[in-house]
Amino acid sequence: MDRELHAKGLAVRKDVLGAEYVDKSMAAADGFNAPFQGILNEYCWGMVWGDERLPRKTRSMLNLAMLASLNRMTEWELHLRGALNNGVTRDEVQAILHQVAVYAGVPVG
């Protein structure tokens with residue numbers, strides 16, 4: 001494990017999703033799923049979300065479109081809150097959903 005990347009990822013994750021949500025997820029980790037939490041923090045939140053070539057707002061908009069297109073609505077709801085934290089507006093969310101409906105199908109839009 002890259003401890004620096006893990007720490008960076010944990011900080012980004014808390015900033016986007018909220019410390020309360022992340023702390024609850026981390027506290028619920030056990031011997032079985034703790035390694036997965038490590039993967040999330042290091043790779044998803046440290047390597048990908050920590051890459052500053054795309055602003056967080058853009059990443060959030062991409063996530064909303066991808067998660068809706070894949071019909072991952074439980075994750076979508078979580079990332080919607082993160083997107084709002086990252087400055088995505090209600091009007092932008094509506095535009096994202098319209099685009100998803102056209103390109104991925106009306107039911108997921």
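Identify all residues within the stretch 98-109 that are surrounded by fewer than 16 Cβ atoms within 10 Å (Cβ to Cβ) and of a type in the set (A, V, I, L, M, F, W, C); write none if there are none.
The answer is ALA101, VAL102, VAL106.
In the stretch 60-87, which residue that is open to solvent by 80 Å² or more (accessible area, probe 1.4 Å) and not in a helix (DSSP H, G or I) is nearest to GLY18 (Cα to Cα)?
ARG72
Taking the criterion of being on the phi < 0 side of the Ramachandran plot, among the aliphatic types (A, V, I, L, M), in contact with an Asp or Glu (Cβ under 7 Å, 6 or more places away or on another chain) and buried (at least 16 other Cβ atoms within 10 Å of the Cβ), would at least one residue in the stretch 3-13 satisfy it? Talk me through it step by step, then tell me what you get.
Pass one, the stretch 3-13, residues on the phi < 0 side of the Ramachandran plot: 3-13.
Imposing the further condition that a residue be among the aliphatic types (A, V, I, L, M) reduces the set to 5, 7, 10-12.
Then keep just the ones that are in contact with an Asp or Glu (Cβ under 7 Å, 6 or more places away or on another chain); that gives 5.
Next, only the ones that are buried (at least 16 other Cβ atoms within 10 Å of the Cβ) stay: 5.
Scanning the stretch 3-13, I find at least one residue that is on the phi < 0 side of the Ramachandran plot, among the aliphatic types (A, V, I, L, M), in contact with an Asp or Glu (Cβ under 7 Å, 6 or more places away or on another chain) and buried (at least 16 other Cβ atoms within 10 Å of the Cβ), so the answer is yes.
When the stretch 88-97 is examined, which residues are found to be among the acidic types (Asp, Glu) and open to solvent by less than 100 Å² (accessible area, probe 1.4 Å)?
The answer is GLU92, and nothing else.
The values are calculated or read from the model by the stated rules, or taken from the named source; none is laboratory data. What you see is a predicted model, and the numbers here were worked out from it, not measured in a lab. Virtual Cβ from ideal backbone geometry, glycine too; neighbours counted across all protein chains shown. Each accessible area value is taken on the protein alone, full model and side chains, heavy atoms only, with ligands, DNA and RNA left out. Shrake-Rupley method; radii C 1.70, N 1.55, O 1.52, S 1.80 Å.
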